[in-house]
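The values are calculated or read from the model by the stated rules, or taken from the named source; none is laboratory data. This structure is a prediction, so every number in the text was calculated from the model and none was measured. Backbone-built Cβ (ideal geometry, glycine too); neighbour counts: all protein chains shown. Heads up: the accessible areas ignore ligands, DNA and RNA and are worked out on the full protein's heavy atoms, side chains in. Shrake-Rupley method; radii C 1.70, N 1.55, O 1.52, S 1.80 Å.
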Amino acid sequence: MTTKRRAQARSVLTVLTVLVLARPSSAQDVERRAISLDEALQAAQALPDMKAAEAALRVAEAGVRVAGRWPDPSFSFVTRSITAKESYALSVPLPWPGRGARLDVARAEAAMVGTDKEAARLIGRRAMRLAWFTLAAREDLETAANERMARMKRTSEAVTTLYDAGRVALVESSRARADAALAVADASLAEQEERIAESVLRRLMTIESGQRLRVARPFSVFPSDPPTDDRDLERSIADALVRSPAARAAEARLKSAEASLRLASALRFPGLAVEVGADRNDPTQPGTDRSIGVSVTVPLGAGPGVLLAKAERDRATALRDQTKREIADQVEQAWRTVKASGVRYQSLTAEGLPAALQAADLAQLAYREGRSDIFRVLDAERTLAETRATVAEAYLAWGVAQAELLAAVGEEER
C-alpha cells in the first residue's frame, strides 16, 4: 500500500469515528432525567387502559344497584263516553322470583370487571418494567460499543504506525482497520437502538419529547442470593392461583354462570304483579268503584334458558381449570428463567467480564512486546465486546422474566 492510500484509509477511519463520537452539542449538553424503576411503575397508573378499566368498574358497580331495584310500575288513565269518566289503574310487578339471583349475577359481573382492572394495572406495570429494563440494557450496550470503538481505534492507529515503519505485514494493518470500522458501525447502531428504547419509555410515561431520559443507577434489583429451593416455586404457584387476576377472573366467571343458572331456574316460576284501580264519575254507579288484583305471567319458554345456563356453567368450570393450568405453567417458566438469568448475570459480572477485560489487556501488552500477533489481539477484543453485550442482554433477560413473573403471580414485590 502506498503512503497516499494509507493516508486515505486513516482519513476514512477518522471520519467514521467522528461521525459517532461527535454528536450534536445539544444531545451531549442536555442533562438526562434519571428514571428509577419505582418512578416508572408509579406512572403506570396513568395509562389509558387503567383509566378505561376504572370506568368499566364504575359501570359494573352501577349495574349492581340497578339489579337491586324493584321493577318499574306502570300507571294508566282511561276516560269513557257513557260509563266511568275517569278510570285509573296501577300495576306493580313484584321483584320475585329471581331478585336474589339477579343481584348475584350483577355482583359476579362486577367482580369480573374488578379483576379486569387489576389485570390492566399489572399489564401496565409489566409494560413499564419491560421498557425500563430494555432502556437499561440498551444503555449498557451503547457504552460497550463505544468502549470497543475507542479501543479498536487505538489498536488500529498503533498497527498502522507499525506498518508505516515496516514492522508488521499489510494483512495485520488491514485486519485492524476492518475491525475498527466495524466497531464504528456497531456503535452507531447501538446509539439508535438506545434512542428507540428511550422513546418507548418516554411515551409510556407521557414525558415531553424534548426531555432526554436515562435509567437511575446503580441498579439494586438483583437479590443477593437467587432462589434455589423449588419450594419457593410451589409457593409462587399457590400464590398465583389466589392473587392472579386471571385466576380470580375465572372464579368470578364461574360464579356468574352459577348465578345465571339460579336465575334461569327461578324464572321458571310465574311472575306476579299487583294491580289496583278505581273508576270515578260513573253515572250508572254510586260513588267510586275500586279494584285490586294480581296478574300472573306464565314463563312458557323458561326451559331452554335453564339448559343454556347449565351449558355456560359447565363451560366456565372447564375454563377455570384450564386457566389454573396455564397460570402454573407461566409461573414456573418465569420463575426458572428469573433464577437462571440472575445466576448468569452475577456469574458474568463477577468472573466473565473481568476475565475478558484482563485477556484483552494482556493481548495488547503481548502484541506491543512482540510476543503475539494482531489476530489474537482482535480476537480478545471481540471476546471482550461480546462479553459486555452478553452482560447487558443477561440483565435484560432477568428484567423481562421478573416482569413476567410478577404479572403472572399478581404481586408487587418479590
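Could you check, for region 214-222, whether at least one of its residues is crowded, with 20+ Cβ neighbours inside 10 Å, touching a strand residue (DSSP E or B) at 6+ places or on another chain (Cβ under 7 Å) and not acidic (Asp, Glu)? Checked against the condition, which is being crowded, with 20+ Cβ neighbours inside 10 Å, touching a strand residue (DSSP E or B) at 6+ places or on another chain (Cβ under 7 Å) and not acidic (Asp, Glu), region 214-222 yields at least one hit. Residue count for region 273-283, restricted to those that are outside any strand (DSSP E or B) and open to solvent by less than 90 Å² (accessible area, probe 1.4 Å): 2.
Would you check which residues across region 86-112 are at pLDDT below 85 and more than 18 Å from residue 252 (Cα to Cα) and list them? Listed by number, the residues that qualify are 94, 95, 96, 97, 98, 99. The criterion of being of a type in the set (A, V, I, L, M, F, W, C), over 23 Å from residue 187 (Cα atoms) and surrounded by fewer than 15 Cβ atoms within 10 Å (Cβ to Cβ) holds for residue 362. Residues in region 41-50 include none that are in contact with a strand residue (DSSP E or B) (Cβ under 6 Å, 6 or more places away or on another chain), modelled with pLDDT of 85 or more and open to solvent by less than 60 Å² (accessible area, probe 1.4 Å).
Just to check your reading of the model, which residue among 195, 202, 177 is closer than 30 Å to residue 46 by Cα and touching a Leu at 6+ places or on another chain (Cβ under 8 Å)?
The conditions single out 202.
Selection of region 140-177 for residues being open to solvent by less than 60 Å² (accessible area, probe 1.4 Å) and either aliphatic (A, V, I, L, M) or not in a helix (DSSP H, G or I) (or both) yields 141, 144, 145, 149, 150, 152, 158, 159, 162, 168, 169, 176. When region 285-309 is filtered for residues that are open to solvent by 90 Å² or more (accessible area, probe 1.4 Å), part of a helix (DSSP H, G or I) and either among the acidic types (Asp, Glu) or touching a residue at least 12 places away in the same chain (Cβ under 8 Å) (or both), only 308 remains. For the condition of a type in the set (Asp, Glu), open to solvent by 30 Å² or more (accessible area, probe 1.4 Å) and assigned to a helix (DSSP H, G or I), residue 381 does not qualify.
With the structure loaded, tell me whether residue 342 is outside any helix (DSSP H, G or I) and farther than 30 Å from residue 249 by Cα or whether it fails that test. Taking the combined requirement at face value, the residue does not satisfy it. I'd like to know if region 238-251 contains one or more residues that are closer than 26 Å to residue 395 by Cβ and either open to solvent by 40 Å² or more (accessible area, probe 1.4 Å) or modelled with pLDDT of 90 or more (or both). For region 238-251, residues closer than 26 Å to residue 395 by Cβ and either open to solvent by 40 Å² or more (accessible area, probe 1.4 Å) or modelled with pLDDT of 90 or more (or both): present.
Any residue at all in region 295-302 that's in contact with a helix residue (DSSP H, G or I) (Cβ under 7 Å, 6 or more places away or on another chain) and either of a type outside the set (Gly, Ala, Ser) or within 30 Å of residue 115 (Cα to Cα) (or both)? The answer is no, given that none of the residues of region 295-302 is in contact with a helix residue (DSSP H, G or I) (Cβ under 7 Å, 6 or more places away or on another chain) and either of a type outside the set (Gly, Ala, Ser) or within 30 Å of residue 115 (Cα to Cα) (or both).
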